[in-house]
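**Q** Below are the structure tokens for one structure; questions will follow.
The values are calculated or read from the model by the stated rules, or taken from the named source; none is laboratory data. Please read these numbers as outputs of a predicted model, since none were measured by experiment. Neighbour counts run over all protein chains shown; Cβ positions are idealised from the backbone, glycine included. These accessible areas exclude ligands, DNA and RNA; they are computed on the full protein's heavy atoms, side chains included. Shrake-Rupley method; radii C 1.70, N 1.55, O 1.52, S 1.80 Å.
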Amino acid sequence: MPAGPTPTHARKSHIRIAATAASKDDAIRQAGQLLVAGGAVDPGYVESMLSREAVANTFLGSGVAIPHGLKEDRGLVHHGGIAVLQLRDGVEWNPGQVAHLVVGIAANSDNHIVILRRLTRLIQDEDRLRALIEADDPDMIARALETDEAPDRETAHATDFGQSETWVVDYPSGLHARPAAAWVDSAKSGKARLRVRHKNESADPRSLISLLQLGLRAGDEIVFSAEGTARATHSTRSCARRAASPPVKSAMPNAPRKRPPRRSTAGNRNTRPKW
């Protein structure tokens, strides 16, 4: 039996142009029904999407929301897929947050990390995002979600600060929005300048959008670095320990405990960042 499409592809039939929604719940239900109609999920996945929203805000920013189901309901996913509601008039997601593009995600692996990366990069381009909100052609939206735009960061900045340690991402679902938000909270509690680097790209761990643009998956090796006094560096290492551990337990209660193999490369390397 051939594999179904991954969440990195949007079919025109899964994109509803000029849709209207009476409420956030209505928008989530409509996106979920598009996934059901496309054969990506069981009907029960729609309720899972609503339940997920009750425990974690899926508003990404700049008018984009990414409702998706709970991890424990992945058995309801037949194959990866995405569905898009284009809401030109918008719908209130939370007080002060209005969603114009609602991207429903069905995923049973970490393929949704690719969509998160593309959406967060799209958010940085206001003109392009506005064009998608006003587009009459569903193909235009589909192409935007299937294309990796170059990150809006100079590779020359992808260097490390003086104090650095390496960590292998061991979140089974990759660094998605919920654990990334915990990293942001911990990073903001310290005073030192911080940076997270993956290969030639770097991110400010105080910014959710910046972190998600890295598109980190389980097994990726990243470098945490800090700049500041010894006291500040010690403080940020403590923040990183708190950031790295709780999300795995709270966001993914049934995640396997086995860690990815440690890489035998030189330097000070740990399976958990210790800033």
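**Q** Of all residues in region 146-166, which are among the hydrophobic types (A, V, I, L, M, F, W, C), buried (at least 17 other Cβ atoms within 10 Å of the Cβ) and at pLDDT below 85?
**A** Here is the first cut: in region 146-166, the residues among the hydrophobic types (A, V, I, L, M, F, W, C) are 150, 156, 158, 161.
Imposing the further condition that a residue be buried (at least 17 other Cβ atoms within 10 Å of the Cβ) reduces the set to 158, 161.
ALA158 - this is the single residue of region 146-166 that is among the hydrophobic types (A, V, I, L, M, F, W, C), buried (at least 17 other Cβ atoms within 10 Å of the Cβ) and at pLDDT below 85.
For (1) basic (Lys, Arg); (2) closer than 16 Å to HIS14 by Cβ; (3) in contact with a helix residue (DSSP H, G or I) (Cβ under 9 Å, 6 or more places away or on another chain); (4) in contact (Cβ under 8 Å) with a residue 24 or more places away in the chain, each residue gets a yes or a no:
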residue	(1), (2), (3), (4)
VAL36	no, yes, yes, no
GLY44	no, no, yes, yes
SER48	no, no, yes, yes
ALA56	no, no, yes, yes
PRO67	no, yes, yes, yes
LEU70	no, no, yes, no
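**Q** Restricting to region 172-183, name every residue that is crowded, with 20+ Cβ neighbours inside 10 Å and within 11 Å of ALA218 (Cα to Cα).
**A** SER173, GLY174, LEU175, HIS176
**Q** Exactly one of these conditions fails for ARG52: (1) modelled with pLDDT of 95 or more; (2) in contact with a His (Cβ under 9 Å, 6 or more places away or on another chain); (3) over 19 Å from LEU122 (Cβ atoms). Give me its number.
**A** (1)
**Q** If SER189 satisfies every condition in (1) buried (at least 17 other Cβ atoms within 10 Å of the Cβ); (2) farther than 23 Å from LEU119 by Cβ but one, which is the exception?
**A** Here SER189 meets the rest and fails (1).
**Q** Would you confirm, using the coordinates I've provided, whether VAL169 is in contact (Cβ under 8 Å) with a residue 40 or more places away in the chain, within 25 Å of VAL64 (Cβ to Cβ) and open to solvent by less than 50 Å² (accessible area, probe 1.4 Å)?
**A** Numbers: in contact (Cβ under 8 Å) with a residue 40 or more places away in the chain: yes; within 25 Å of VAL64 (Cβ to Cβ): yes; open to solvent by less than 50 Å² (accessible area, probe 1.4 Å): yes.
It is true that VAL169 is in contact (Cβ under 8 Å) with a residue 40 or more places away in the chain, within 25 Å of VAL64 (Cβ to Cβ) and open to solvent by less than 50 Å² (accessible area, probe 1.4 Å).
**Q** If I ask for residues that are closer than 19 Å to LEU116 by Cβ, open to solvent by 30 Å² or more (accessible area, probe 1.4 Å) and β-branched (Val, Ile, Thr), which ones from region 36-70 would you list?
**A** Once the filter is applied, which keeps residues that are closer than 19 Å to LEU116 by Cβ, open to solvent by 30 Å² or more (accessible area, probe 1.4 Å) and β-branched (Val, Ile, Thr), region 36-70 yields only VAL55.
**Q** Could you go through region 13-35 and let me know if any residue there is surrounded by fewer than 20 Cβ atoms within 10 Å (Cβ to Cβ), more than 14 Å from ARG74 (Cα to Cα) and at pLDDT below 95.
**A** For region 13-35, residues surrounded by fewer than 20 Cβ atoms within 10 Å (Cβ to Cβ), more than 14 Å from ARG74 (Cα to Cα) and at pLDDT below 95: present.
**Q** Next question. Can you tell me how many residues within region 39-66 are part of a helix (DSSP H, G or I) and of a type in the set (Gly, Ala, Ser)?
**A** Restricting attention to region 39-66, the residues satisfying the condition of being part of a helix (DSSP H, G or I) are 44-55.
Among the residues that remain, those that are also of a type in the set (Gly, Ala, Ser) are: 44, 48, 51, 54.
Qualifying residue count for the region: 4.
**Q** How about region 165-185: which of its residues are under 27 Å from VAL103 (Cβ atoms) and either in contact with a Lys or Arg (Cβ under 8 Å, 6 or more places away or on another chain) or hydrophobic (A, V, I, L, M, F, W, C) (or both)? Let's see the steps before the verdict.
**A** In the first step, residues of region 165-185 are kept if they are under 27 Å from VAL103 (Cβ atoms); the result is 169-185.
The answer is VAL169, ASP170, SER173, GLY174, LEU175, ALA177, ALA180, ALA181, ALA182, TRP183, VAL184.
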